[in-house]
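Structure record follows, encoded as structure tokens.
Every number here is computed from the coordinates shown, using simple stated rules; none is lab data. Here the structure is a predicted model, which means the values were calculated and not measured. All Cβ positions, glycine included, derive from the backbone under ideal geometry; neighbour counts span all protein chains shown.
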Amino acid sequence: MAQLMIYKDNYIESTAISNYFIDRYMKDANDAQLKVYLYLLRMVHANMSFGVSDIADKFNHTEKDVLRALRYWEKQKLLTLDYDRDKNLTGIHLCELCPGERNLVSAPNSENNNAETPQARESVSVPDIQPAVTDTIAVSATCESDLATDIQEQDPYAKPSYSADQLRRFKEQENTAQLLFVAQVYVGRPLTASDMRTILYFSDVLHFSDDLIDYLIQYCVDRGKKDFRYIEKVAVNWAQQGITSPKQAQNAALKYDKSVYAIMNELGKSSAPTSKELEYINRWTREYGFSQDIIFEACERTVLAVDKHRFEYAEGILNSWRKENVHHKADIKKVDEQHQKQKNNATANIARNSAPAGNKFNQFKQNTYNFEELEQELLSN
């Protein structure tokens, strides 16, 4: 493919960094973000072409890390990104750091910085780009107002139109085959290309880990939702909440689950559940696998028994039922009957053990009398 080179008459062997950038932006940027931005400044002065993969290789980051860094600096308004109709990245424009200050990607000694000439307006091509990015990225040294107004702010959660080649590369990644297999098992059917593109979107744009994607699909399927359009909506909602792990997703789901508040109400609680209370409820519903009617029964017995430490008391009841293999409410009656029988037997044993060994008079020798002989003896006298 054609290569576009940077031409600059006053090429220098150093890159100037604004103090404004150091004072305002450096402290909040991470390692990858700083490297990517500084490298962009460096390459504007270099008479060579480069690609996203070149940056990734140079700094031992992934291409995804590089693209995330570009999006970060766009949010900081230090650069803007151009996209085509398919929402593929086509251009990067480095902007002025603050009003009235020239961007230092232009050489400080240049007398033609404001001139619209090939020497004053630098651009560079990128020959090799990761999926979802087009073949060429043009880099402009200045951010002009008319160009900025033409660039619409990109939706950070917009779903790209992934090509077949991009999907193929995703499927070839390590652990992707296992993730797709697990997703297929959850939904109970072979995944379509559209389904797999949605999973790629979770990883590529929403930056979900494999564990979080696994939990996401399981979460939706458990609620009877196997449509990937529904799953995608849940994923975007989680991304907007800043959820990055299955544990966070679990806690967030419990907070907005009506059943949680129903259990809280059964225990006489009207406030939002604390993290510890959510932990108990999560254990009862997920680890123990109890249905709501069984949990409600335990809550009712708890309220009748104690006024404080109700979650701990209910935990004791439900844990004992778990050990007794209670699966339905009818099983509770059997457990109660068995418990009552054991209680009655224990009471009888206590009464038997506490009673005297025998009648206290039994320790004396018992006499036997013939009442007819006694009567004849009395008459003869």
* Dimensionless Rg/Rh of the stretch 258-333 - Kirkwood Rh, Rg from C-alpha atoms -> 0.93
* Asked: With a 10 Å Cβ neighbour count serving as the proxy for reagent exposure, in which order, fewest first, do ASP336, ASP204, ASP211 appear?
  -> ASP336, ASP211, ASP204
* Asked: Mind listing P(r) for the stretch 268-307? All alpha-carbon pairs, 10 Å bins, whole percents.
  -> 26, 56, 18
* Using a simple spin-label model with points 7 Å from Cα along the Cα→Cβ vector, what separation in nm is obtained for ASN175 and ARG85? -> 3.8
* Which pairs break 26 Å Cα to Cα here: LYS171/LYS258; LYS64/LYS247; LYS225/LYS276? -> LYS171/LYS258; LYS225/LYS276
* **Magnitude of the charge dipole, the stretch 164-253, Cβ model with Lys/Arg +1 and Asp/Glu -1, debye to 20** => 300
* Inter-site label distance for TYR288 and GLU300 at 7 Å from Cα along Cβ, in nm -> 1.6
